[in-house]
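Asker: Here it is, the structure in full.
The values are calculated or read from the model by the stated rules, or taken from the named source; none is laboratory data. Owing to the predicted nature of the structure, the values given are computational and were not obtained by experimental measurement. Neighbour counts are summed over all protein chains in view; Cβ atoms, including those assigned to glycine, are modelled from backbone coordinates with ideal geometry. These accessible areas exclude ligands, DNA and RNA; they are computed on the full protein's heavy atoms, side chains included. Shrake-Rupley method; radii C 1.70, N 1.55, O 1.52, S 1.80 Å.
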Amino acid sequence: MAKVLILGGGFGGVVAAERLAEQLGDTHQITLVSRSRQFTFYPALVRLAFGTAEPADVSFDLRRTLQNLRVNFIEAEVAHIDPFERSISIAHGQVEGKLPYDYLVFALGRRLATERILGFYEHAHHLLNVDKAISFRKAINNLHEGRAVFGQCFGARLPVPVYESAFALARRLKEKGDRERVKITVVSPTTLDLELGDVTAAAAIKKSLDAHQIEFRPNLRIESLTHHAAMTESGETINFNLLMLVPPFRGSSAASYLGITDEEGYIRVDSSMRVTGHERIYAVGDCTNFDGPKMGHVAVRQAKVAAANLAAEIEGRTPLSRYQHETRFVISEIGSDSLYVHKDSSTEPAIVRHGRFWGWGKQAHEKYWEVMHS
Ligand SMILES: Cc1cc2nc3c(=O)[nH]c(=O)nc-3n(C[C@H](O)[C@H](O)[C@H](O)COP(=O)(O)OP(=O)(O)OC[C@H]3O[C@@H](n4cnc5c(N)ncnc54)[C@H](O)[C@@H]3O)c2cc1C
C-alpha cells in the first residue's frame, strides 16, 4: 500500500485528490492536508465583492467532499518538507508533528508577499480571500465620488479580477447615477501586453476600458501606500478614495530552501508535473514555475496530468501524460462585451471572443464546479 500525501486544498489539490481516488481505488492511502477545511472558489470573489454572490456561494466544506471520495483530510499548516526522509512537518492543526509519505503532490499555491509594499496591509483592499472581498464590498458601497484605483503590484500574476472589478464598478456607478463623480483608473506595473502575455488580448481590453471611460496607466510600480495615496518607484503619487491592489506573489514558503525553486520561489517541474531532480514528488498549480498569469484552469489541467502519472508510477506503468501550457480566461462584468481569451504556447496571437455569453458561461462553470465537487 502506498501513502500519497497531497498538500493544499485548492483547485490543484482537490482535482489531484479526486483523480487519484478514482484511479487508485481503496488499495492505497490518500491524505490531503490544508490549513482550512473550506474550499474557496476564487474567481467568484469579484461577484462577492459586488454583491451578486454570497459567502455560501463561493466556498464549500472540503472535509465532507473528500470523505465522499474516501480521501483523509487533515486541517493543519504545512511547515516543512523533507524529501530525503520523505516526510512533512505540520503544525497549528488537529495533528502536529511529522507525516511520512511514499508520494507527494505539492499544491500549496502562491504566497502573498504583502511585506514588499509598505502600508499594503493597512491601506489596500484585495480580493484574495473571502473576508477581504467582504470588506472591499463595504468600501464599494460607501464610494460616491473621487477616484477608484485598481491594479497589480510588480510580481503579482493575477490580472483578471483587476479588470473585472474596474468594469463592475463602472457599471455599478452608472446604475446609481454616480459615474460622472468617480474617476476609475487601472494601473499596471508593466504594459497590458506583458500583463496578459498577448498583444491581441491587450488591444481588446484597452478598447473596452476606453469604451467605459476607465483610465489605463502602464509602467507604474507601486512601492508604498498611505491612507489615500500610492507612491510609485518613479516618484509619482496617485491619490485614491478606494484602492484594490493585487500584492506581489511569491512561491510557497514550504518549498523554500529545498533547492527545487526558481528565484521567485516557484517550483521547477517537468512536463509530467514531476519536481525536477526529485523522485516521487509532483507539483501543480500556482506554486509551479510557468509563465503568465496564475490561473485556476492551469492548476486543474496540471493536477490531472500529475494524478495520471502518479497513479501509473504506483502501479508500475509508464507515466505518459504530459502538460502543455496555455492560458484561458474570461473577463466578465463588462456586460454585453465580456471577453474570452485563449493563448496557447505557440507564437500565434491569442483567440479573443466578445459577448454577453462569456460572462454567463463563467457563472455556469462556477455552478458546475460547485455541484460536482461539494
Ligand atoms: C479574485 C480572484 C479571481 C480569479 N479569477 C480567476 C479566473 O477567472 N480564472 C482562473 O482560471 N483563475 C482565476 N483565479 C486564479 C485561481 O483562483 C488560482 O490560480 C487557483 O486558485 C490556483 O489553484 P492552486 O490549487 O494552485 O492554489 P490555491 O487555490 O491557492 O490553493 C492552495 C491551497 O493550499 C492551502 N495552503 C497554502 N499554504 C499552506 C500551508 N503552508 N499549509 C497548509 N495549507 C496551505 C491554501 O489554504 C489553499 O487551500 C482568480 C483568483 C482570485 C484570487
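Asker: So in region 140-152, with the set limited to residues that are of a type outside the set (Gly, Ala, Ser) and buried (at least 23 other Cβ atoms within 10 Å of the Cβ), which one is nearest to the chain's Cα centre (by Cα)?
Answerer: Restricting to residues being of a type outside the set (Gly, Ala, Ser) and buried (at least 23 other Cβ atoms within 10 Å of the Cβ), the top hit is Gln152.
Asker: Looking at Tyr340, Tyr282, Tyr257, Tyr323, which one is under 24 Å from Ala17 (Cβ atoms), among the aromatic types (Phe, Trp, Tyr) and either assigned to a loop (DSSP other than H, G, I, E, B) or free of Cβ contacts under 8 Å to residues at least 60 places away in the same chain (or both)?
Answerer: Checking each option against the conditions leaves just Tyr323.
Asker: From the set of residues in region 261-312 that are within 11 Å of the ligand (Cβ to nearest atom) and charged (D, E, K, R), which is most open to solvent (accessible area, probe 1.4 Å)?
Answerer: Arg301
Asker: Same structure again: Hey, could you check region 1-27 for residues that are in contact with a Leu (Cβ under 8 Å, 6 or more places away or on another chain) and of a type in the set (Val, Ile, Thr) and say which is farthest from the ligand (Cβ to nearest atom)?
Answerer: Among those residues, the one meeting the criterion is Val4.
Asker: Out of region 215-255, which residues are closer than 30 Å to Val33 by Cβ, among the polar types (S, T, N, Q) and touching a helix residue (DSSP H, G or I) at 6+ places or on another chain (Cβ under 7 Å)?
Answerer: Residue satisfying the conditions is Ser252 alone.
For (1) in contact (Cβ under 8 Å) with a residue 12 or more places away in the chain; (2) in contact with a Phe, Trp or Tyr (Cβ under 6 Å, 6 or more places away or on another chain); (3) not in a helix (DSSP H, G or I), each residue gets a yes or a no:
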{"position": "His80", "(1), (2), (3)": "yes, no, yes"}
{"position": "Ile88", "(1), (2), (3)": "yes, no, yes"}
{"position": "Gln94", "(1), (2), (3)": "yes, no, yes"}
{"position": "Leu108", "(1), (2), (3)": "yes, no, yes"}
{"position": "Ala156", "(1), (2), (3)": "yes, yes, yes"}
{"position": "Phe167", "(1), (2), (3)": "yes, no, no"}
{"position": "Glu180", "(1), (2), (3)": "no, no, no"}
{"position": "Lys183", "(1), (2), (3)": "yes, no, yes"}
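Asker: Further question: Please enumerate the residues belonging to region 67-122 that are among the acidic types (Asp, Glu) and more than 11 Å from Leu7 (Cβ to Cβ).
Answerer: Selection gives Glu75, Asp82, Glu85, Glu96, Asp102, Glu115, Glu122.
Asker: Return the residue satisfying two criteria in turn: it lies in region 113-139 and is touching a His at 6+ places or on another chain (Cβ under 9 Å) and of a type in the set (A, V, I, L, M), and of such residues it is surrounded by the fewest Cβ atoms within 10 Å (Cβ to Cβ).
Answerer: Only one residue fits best here, namely Ala139.
Asker: I've got another one for you. For residues that are outside any helix (DSSP H, G or I), polar (S, T, N, Q) and open to solvent by 70 Å² or more (accessible area, probe 1.4 Å), tally how many sit in region 49-77.
Answerer: 2
Asker: Can I ask one more? Criterion first (within 12 Å of the ligand (Cβ to nearest atom), of a type in the set (A, V, I, L, M) and at negative phi) does Val58 satisfy it?
Answerer: yes
Asker: I would also like to ask the following. If I go through region 174-199 residue by residue, how many of them are under 28 Å from the mean Cα position of the chain (by Cα) and open to solvent by less than 60 Å² (accessible area, probe 1.4 Å)?
Answerer: 13
Asker: How do the pairs read when you match residues in region 32-44 that are charged (D, E, K, R) with residues anywhere that are part of a helix (DSSP H, G or I), using Cβ under 6 Å and keeping only pairs 6 or more apart or on different chains?
Answerer: Arg37/Leu62; Arg37/Arg63
Asker: Another question, if that's okay. When the residues of region 30-45 are filtered to those that are within 8 Å of the ligand (Cβ to nearest atom) and hydroxyl-bearing (Ser, Thr, Tyr), which remaining residue is surrounded by the most Cβ atoms within 10 Å (Cβ to Cβ)?
Answerer: Among those residues, the one meeting the criterion is Ser34.
Asker: Leu220: surrounded by 19 or more Cβ atoms within 10 Å (Cβ to Cβ), touching a strand residue (DSSP E or B) at 6+ places or on another chain (Cβ under 9 Å) and not in a loop (DSSP other than H, G, I, E, B), yes or no?
Answerer: no
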